[in-house]
Structures are given as C-alpha cells and as structure tokens.
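> Attaching a single structure in structure tokens format; questions to follow.
Each value in this text was obtained by applying a stated rule to the coordinates, not by laboratory testing. The structure displayed is predicted, hence computed values, not measured ones. Every residue, glycine as well, gets a Cβ built from its backbone with ideal geometry; the counts of neighbours run over all protein chains shown.
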C-alpha cells in the first residue's frame, strides 16, 4: 500500500472537516461525516486505491453496491437510511476537492443515493402502548424523572441529543414552550410542549432534581443519579428499559416517541407545516419553500392535534400527500440512523 498516497487522502479529509467546522457545521455532524468518509477511505485502501484523483463514478458505484450487500455482525443489512448517510458525505467531500482543483471533477456528482420507502417504519407505538410505558415508569426509584423524560419525548418529538442538551432556561412551564438550541443543522427552534408534560417536569424540578444536583450545578434539565447530564447512549438505554418493562419489544427507543407523535398528529388533522416545525425539518420538500409559522399558531395546532390532548375537535385533514410523503421518508431515514448509532 502506498503510504504517502494514503496520507494525502487523509490530509484532504482533515482539511475538509476543518472547513466544515469553519462554516458553522455542528461538531456532531462533522464527526458523523468524518466517520463515513473514513470508512470509504479504508474500503479504498483495501483495493489499493490511495489517491482521491483515482476515484471515478464506477468506483463509487462499486462502493454503493458494497454497502447494499454489507452485513452487520448480527447478519442484518444496513438500512437504506444508513446507506444514504454513508454515501451523502462523499458528494460534499469530492465536490470540495473539485472546487479547490485538487481533482479535475467531482466523481460523486451523479451518484444515486438510496431512497427509503415513503412510509413510516412499522415501529410506531399505539396509544395503549404509550400509556403502558408512561404508567410503569413510575414503578422505579427514579420514576418521576423518567416519566418526565418520556413525557417530554412524546409531547415534543425532539431528538435524543436535543433532549440531552436541554438546559433549565430552555423550558418555560408557564408559557408551555420549549427551546431547542443548536438542533440538527445547528438551528434553534421554539416549540410548544403540552400541559401534561409540563406538570411532570414541574414535579421533577420540585421533588427530584434538587436531590440529584452536585454543585456546581451543570444547568442541564435532566440529570443522572450522579448529578451529571445524561449522555447520548444513556438516554436510549433508559427509554428502552421502560419500553421492555411495559411489554413493548418494537425496535428503537427515543425515536419511537418522535415517530408516534408525528403519526398521531397527522391522523388528528395537523397541517404538515406545523409538524415540520415541531420536528425541526427546515425543508422537507424539494419543490416547496418552508413557510415559517408563529409559536402562537403552532401552539394552537398542537393543542388541537397532539395525541395527549383530552378532546378532539373533529378537524378535517387537508390533502398534502406529496409533502406528507417527504416527511414520512425523512422520519424513516432518521429511524435507520438512530438504530445504527445505538447498536
């Protein structure tokens, strides 16, 4: 293997990731993209392809087929979403190399990405399953905290890292709002959170959190029994524990509540734009520009359509099939990514 050529590949990768950081891409995204590109470079090295200039569209097609046929240690294939996540960074990486004239053209410009089926994953919780998980959460020693966590996931549909990063100042129980800071895409968003979830968070803040705090207080909303902020691996484990205890064996953990919230709000008549705003999808349609909605209007729709509400107003759902399919497709991509990172 040509060590110098391989080093050149790594140098270009390091420069590319530095540039991504300089333009404001979040560290977590850079880490994920870097991992995907490292896997590709390792695959190339195994085939004595050690220079970015050697990469051609047929080689990228071979790699795409490799991912399609790849099997994890448990014998399962990579999900279509996971395959897409490993291929997408190649477009940006080689596009940047071509723009800086390190290579004559971008070999990934026409690379076809896998398209997940336009349907929600099978792993969606029923209303009775949600109730069972919420109720049994109280049976453990830290049940009030765990109930507040799961209520928050279900009420808002936020991602697991967005919940882990919540600070005390991000929740306004009086107004019924929650601020997600530096969410996916490095964007902030203000979303409503239901009264029931607020009540459990309030109870947790009064009865439980003061006993968990270790000075100096880190300021995170949800703490472990050691007074530390939850970590991204700990949260899925916590949620999965309660799912299994309630007899729910469906794959996934935190994303189950994200998908369930979106599905049930759609079923109850929510306009697709409001669910888009709740989930933090800045642009889910390639043909329609995202329309900003006010927090007041978002709260109004949320109150009418969230599955935890006490009454339904019989609102008729408008037909927005194309945009809805894009939302469901994006949720499935997220589901595949979430499962891959928790296994």
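> So if R0 is 30 Å, what FRET efficiency would residue 172 and residue 139 give, r being the distance between their Cβ atoms, rounded to the nearest 0.05?
Between residue 172 and residue 139 the formula returns 0.50.
> For region 138-259, treating each Cα as an identical point scatterer without solvent, what Debye log10 I(q)/I(0) comes out at q = 0.13 1/Å?
The computed values of log10 I(q)/I(0) come out as -0.48.
> Given a cut-off of 23 Å, what percent of all Cα-Cα pairs of region 40-197 lie beyond it?
60 percent
> To make sure I understand, if each residue's beta carbon is the centre and we count other beta carbons within 10 Å, what order do 63, 226 fall in, fewest to most?
Numbers: 63 22, 226 7.
In order of increasing Cβ crowding within 10 Å: 226, 63.
> What does the extension gain come out to for residue 234 and residue 188, with contour length at 0.36 nm per residue minus their alpha carbon separation?
Taking residue 234 through residue 188 to full extension adds about 14.2 nm, to one decimal.
> Taking a label point 7 Å from the Cα of residue 47 along the Cα→Cβ vector, which residues of region 68-89 have an amide N closer than 11 Å to it?
In region 68-89, the label zone of residue 47 (backbone N under 11 Å from the point 7 Å along Cα→Cβ) covers no residue.
> Could you list the square roots of 5 times each eigenvalue of the Cα gyration tensor of region 3-99, that is, the equivalent ellipsoid semi-axes, sorted largest first and rounded to whole Å?
Values for region 3-99, descending: 22, 18, 12 Å.
> Provide the gained length on full extension for the span residue 196 to residue 303, in nm with one decimal, where the gain is 0.36 nm per separating residue minus the Cα-Cα distance.
37.4 nm
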